[in-house]
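Working notes, structure below.
The values are calculated or read from the model by the stated rules, or taken from the named source; none is laboratory data. Since the structure is predicted, the reported quantities are computational estimates derived from the model, not experimental observations. Cβ placement follows ideal geometry from the backbone for every residue including glycine, while neighbour counts extend to all protein chains displayed. Only protein heavy atoms, including side chains, enter the accessible area calculation; ligands, DNA and RNA are left aside. Shrake-Rupley method; radii C 1.70, N 1.55, O 1.52, S 1.80 Å.
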Amino acid sequence: MEIRFYKFHGTGNDFILIDNREGHFQPDVATVEQMCNRRFGIGADGLILLENRKGFDFGMIYFNADGKVGTLCGNGSRCITAFARYLGIIDRKARFEASDGEHLSEVLSADGDDFMVKVGFRDQKVGEISALGTFIDTGSPHLVRFVPETAKVDVVRDGRRIRNSKKYAQTGVNVDFVEIVRDMIHVRTYERGVEDETWSCGTGVTASALVVASKFVPPRGYYQVQTRGGLLKVSFNQHHDEFTDIWLEGPAKKVFEGTIDL
């Protein structure tokens with residue numbers, strides 16, 4: 001079976017996107033893992049299916065690079081919104097269904113294969129604080145840890161240790177290493193499912209910004225967040241450690257398209 005695919009990335013967090021509105025592509029774990037493999041497949045941090053969903057502009061099904069169905073992907077949500085615009089499904093605003101329910105998104109600008117997109121998150125409250133860090137679930141579970149310098153962190157070693165610790169071994173957790181640099185946040189993330197550092201993680205960037213806002217500074221309504229793959233913006237309304245009207249904003253880019261024979 002020959003499948004047409006599209007490759008997008010959001011600040012270096014890259015995805016295989018497939019228009020599956022006809023429902024012809026029903027992948028198993030091995031197929032997704034093969035397609036995401038950077039040596040033997042197309043290569044990506046994950047695979048996303050765009051599908052029809054009654055009452056929504058589209059539905060989003062996200063698979064991690066290990067082939068398993070994942071939880072919410074923030075940068076992937078921005079990329080699939082850009083993809084929907086590219087396919088002519090939406091103009092600017094979208095209402096779509098992801099693993100954790102309804103989300104709103106908007107294409108702020110579009111220039112050829114380059115898009116600027118924001119996506120909304122459900123209301124959040126900062127969770128448990130432990131010696132390992134601060135837990136928060138922004139559609140995917142994250143543990144936020146503050147470090148003196150993100151550049152000096154061994155993200156794979158330290159992130160893997162926490163992700164496989166007794167506390168999180170069964171369910172898994174994404175680990176965000178956060179440094180505050182003047183009025184900006186620097187974030188590096190170890191992602192479960194990828195089991196490696198990714199160049200950017202949308203739910204992790206959002207989690208990090210909310211935890212920083214709850215702990216260290218007076219309410220300001222937004223943060224610029226620097227990842228290895230680029231700059232993102234998280235905006236929100238805050239009441240102590242509770243957050244509403246949360247948006248993740250940043251670039252999304254179509255890199256190439258092609259077909260693969262499965």
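In segment 7-35, the qualifying residues are those that are assigned to a strand (DSSP E or B) and without any contact (Cβ under 8 Å) to a residue 40 or more places away in the chain, and the one that is farthest from the chain's Cα centre (by Cα) is 18. Looking only at segment 36-83, filter to residues that are of a type in the set (A, V, I, L, M) and free of Cβ contacts under 8 Å to residues at least 60 places away in the same chain; which one of those is farthest from residue 193 (Cα to Cα)? Checked segment 36-83; the qualifying residue farthest from residue 193 (Cα to Cα) is 50.
Quick grid of which residues meet (1) free of Cβ contacts under 8 Å to residues at least 40 places away in the same chain; (2) open to solvent by 60 Å² or more (accessible area, probe 1.4 Å); (3) among the acidic types (Asp, Glu):
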residue	(1), (2), (3)
235	yes, no, no
238	yes, no, no
241	no, no, yes
257	no, yes, yes
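Could you please give the count of residues in segment 154-199 that are within 15 Å of residue 132 (Cα to Cα) and surrounded by fewer than 23 Cβ atoms within 10 Å (Cβ to Cβ)? Show your work before the answer.
Filtering segment 154-199 down to residues within 15 Å of residue 132 (Cα to Cα) leaves 155, 157-169, 172-178, 189-190.
Subset that is surrounded by fewer than 23 Cβ atoms within 10 Å (Cβ to Cβ): 155, 157-158, 160-169, 172.
Total meeting the criteria: 14.
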